[in-house]
Amino acid sequence: MDLEKLIDYQIHLSKKLNLKDKINVENIKTVAGIDTTFLNPYKEPTTAISCIVVMDIIDFSVKEVVYGQKEVDFPYIPTFLAFREIPSIMDAYEKLKINPDVFILDGQGILHPRKMGIASHFGVITDTISIGCGKSPLYGKYNPPENKPMTFSPVFADGEVRGYALRVKKNTNPIFISPGNNISIESSLYVIIKTLKGYKLPEPVRLAHNFLSNYRKKLLKEVNDG
């Protein structure tokens, strides 16, 4: 594993980033949530499993659910998550029949040392509109949002605003939102807020996590029974 080469590749991809709105966010109709897990996260190699849930942003109905899986031997290394999870995500992505307006990934966008978190990586290689929604901070500094629902504060990195910390509920830790590709910082926050439905995570990502949990149990049962 040559991390220097991977860094060079991330820098190469970062030069292709577009942080302007590709479409008017008011016209968004479908949003996809992406989550990834592993059959055995403590074993190398292991099988990565990804789920993409496409949701109607108006009535929150589920329009499509697809799964992907790939054997991976790349370990978890902070700031290199894409190299571990993108293969199974792409396996799911290639099965989609619907072309969602926006993808939300469980991870970072440009809140990353090289502006190339998993959401940016995915957005650039697919030329889609993507947003990162991380459950914990990876890069940058921020003042904690006020302890009230739907309060937010900017996250600064390398002298610029790169995203927002959003406290969805009182007495809960914030989530970290940043554009992946083809969308602005402000519009990324707007889309995330529009896709919340009473839970801490955007509904498409939450559903992807839930579908994935059940799918993983099914696969593990097949392995144990077989």
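Side notes on the structure shown:
- For the listed peptides 192-202, 177-187, a ranking on the average number of other beta carbons within 10 Å per residue, highest first, reads 177-187, 192-202.
- Highest mean first, the peptides 94-100, 107-113 sorted by other C-beta atoms within 10 Å per residue fall in the order 107-113, 94-100.
- Here each label is just a point 7 Å from Cα along the line to Cβ, and for Tyr42 and Lys170 those points are 3.9 nm apart.
- Within the chain, percent of DSSP bridges classed antiparallel, to nearest 5: 85
- 17 Å cut-off, amide nitrogen to a point 7 angstrom out along Val223 Cα→Cβ, residues in segment 51-72: 51, 68-72
- For segment 76-93, the Karplus equation 6.51 cos²θ - 1.76 cosθ + 1.60, evaluated at θ = phi - 60°, returns couplings of 6, 9, x, 6, 10, 4, 4, 5, 8, 10, 4, x, 6, 4, 5, 4, 6, 4 Hz by residue, with Gly and Pro reported as x.
- Cα centroid separation, segment 18-86 to segment 166-186 (Å): 17
- Segment 72-160 - Rg and Dmax from Cα coordinates, angstrom: 14.6, 42
All of the numbers you see were taken from the coordinates with simple rules; none came from a lab. All values derive from a computational prediction rather than experimental measurement. Every residue, glycine as well, gets a Cβ built from its backbone with ideal geometry; the counts of neighbours run over all protein chains shown.
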